[in-house]
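Read through the structure below, which is laid out as structure tokens, and then see the notes.
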Amino acid sequence: MRGEPFLRNALLFGRILRRVGLAADLPAVLDFGRALTLVDLGDRAEVRSAGAALFCRRREDLAPYRLAFERFWRRHGAWQEMAGPPAEDALDLSDERPAGLGERGEREGGADEAQDEAGEEAAAALAIAPEAYSAAESLRHRDFERMSTAELRAAARLIDRLVPRLEQRRTRRWELHGHGRTLAPRQMLRRNLATGGDPLTWLWRRPVQRPRSIVLICDISGSMERHSRLLLRFAQALTRSRVPTEAFVFGTRLTRVTRQLKGPDPDRALSRVADSVTDWSGGTRIGASFAEFNRRWARRALRSSGVVVVVSDGWDRGDPALVGSETARLRRNCHRLVWLNPLAGADGYRPLAAGMAAAYPYLDDFLPANDLASLEHLARLLGQRDRRRQREAQGRSRPRTEGGAQARVVGPGRDGAGLGGRRR
């Protein structure tokens, strides 16, 4: 069964929503059409909740949304019929439009018609069959090393849209807010000057929250070439967003590539990176590269206590002791240290390579990076608070051992054991 009828009926539903005054733009309608292939069409509440999550942006939108939904559900009888042609009489809302929305709906009618025509053309181009979702799901769990050229291009397009919602940090600035828990005395005094300073109006404030910055340090040695290109696309997607991002690559030496990654075209950005790096697909000196970052860039790139993400398989030609000492120093400089290792997705993998074993005790998170699902997990992880760091700051964490912090081992192919039999 093809997905085009779902999208055409979703477009019709979007027209109904616009007639009752909701802002049902084309991207939201297309997302709703895709959502219909994932929810249980026989569950009325589930379908209604999926639409509300996409179309209701304010509490006031719920009443007109429920009206439009009930009308469309009743016309179709059940949403299993949405695989068939749309019922055009579902657009007739003249007798059920909420009060105060009639003039608005008539005034925007002409614009709706033009938007609907453009939307139907876009739907024809973007109609997705259910089997396409199965193919996308299998692509998420396919190892990058086993992907064909076409699959790598498809994976790159998905990575371009993978922008995480980052953990927020508390700044020293304050802002007025109705749900704040601290009084704002200066603003209260200024507001109540007209009443002789009597506090008739109470004002509250809260700390300003900003996303933590991300620093990506990517291994571009020969064993990491395919993975590093895809991870650099992830970094390029971050630089296009409002996320404060710094990107570095290293083989035998460290190179800052933040400026080269900026721009709307990911392919051109990666070409600029390749032109600026002289040690691509060469050897690896992790300790020396970390030492250069700590000495030259750490204070500038981590001025807001950011999150450092290292991408490497841990194979190193240098001194393992230097890797351990510089990783420990890097961990002290940042809020959170995450290490992505493509080999960690294999069953039974243990970090026994000399460089990886030296760095492992100082990591906050040790994750696989061998497929799209692992990168999606990274995006979710970056939005979660590091509770262990909070306990350490408050003095409630377990005593630090001589080996450093216990690393959280997350992802497939891990047996839960770290080095020396330690477990998380």
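Can you compute 3J(HN,Hα) from phi for each residue in the range 370-375, using the Karplus curve 6.51 cos²θ - 1.76 cosθ + 1.60 with θ = phi - 60°, rounded to whole Hz and x for Gly and Pro?
Along the range 370-375, the couplings run 9, 7, 5, 4, 5, 5 Hz.
Relative to the compact globular guide of 2.2 N^0.38 Å, what is the alpha carbon radius of gyration of the range 262-365, as a ratio?
Taking the Cα Rg and dividing by 2.2 N^0.38 Å, one obtains 1.15.
How would LEU363, LEU30 line up from fewest to most surrounding beta-carbon atoms within 10 angstrom?
The most exposed by this proxy come first: LEU30, LEU363.
So, in Å, what gap is there between the alpha-carbon centers of the range 12-43 and the range 151-211?
32
Projecting each Cα onto the charge dipole of the range 169-211 (Lys/Arg +1, Asp/Glu -1 at the beta carbon, about the Cα centre), which of TRP202, ASN192, HIS179 comes out farthest on the positive side?
HIS179
Just the Cα atoms of the range 169-211: what Rg and Dmax do they give in Å?
Rg, Dmax (Cα atoms, Å): 12.0, 41.
Given H placed 1.01 Å from N in the peptide plane, which residues other than close sequence neighbours of GLU246 have an amide H under 5 Å from its amide H?
Amide H to amide H, under 5 Å and 5 or more residues apart or across chains, GLU246 pairs with ILE214, VAL215, LEU216.
Just flag the trypsin sites (Lys or Arg not before Pro) in the range 176-211 sitting in loop per DSSP whose Cβ has no more than 13 other Cβ atoms within 10 Å.
Passing both the DSSP loop test and the Cβ count: ARG181.
All of the numbers you see were taken from the coordinates with simple rules; none came from a lab. The shown structure was predicted, so the numbers you read here are calculated from the model rather than taken from an experiment. In this analysis, Cβ positions are derived from the backbone assuming ideal geometry, glycine residues included, and neighbour counts consider all displayed protein chains.
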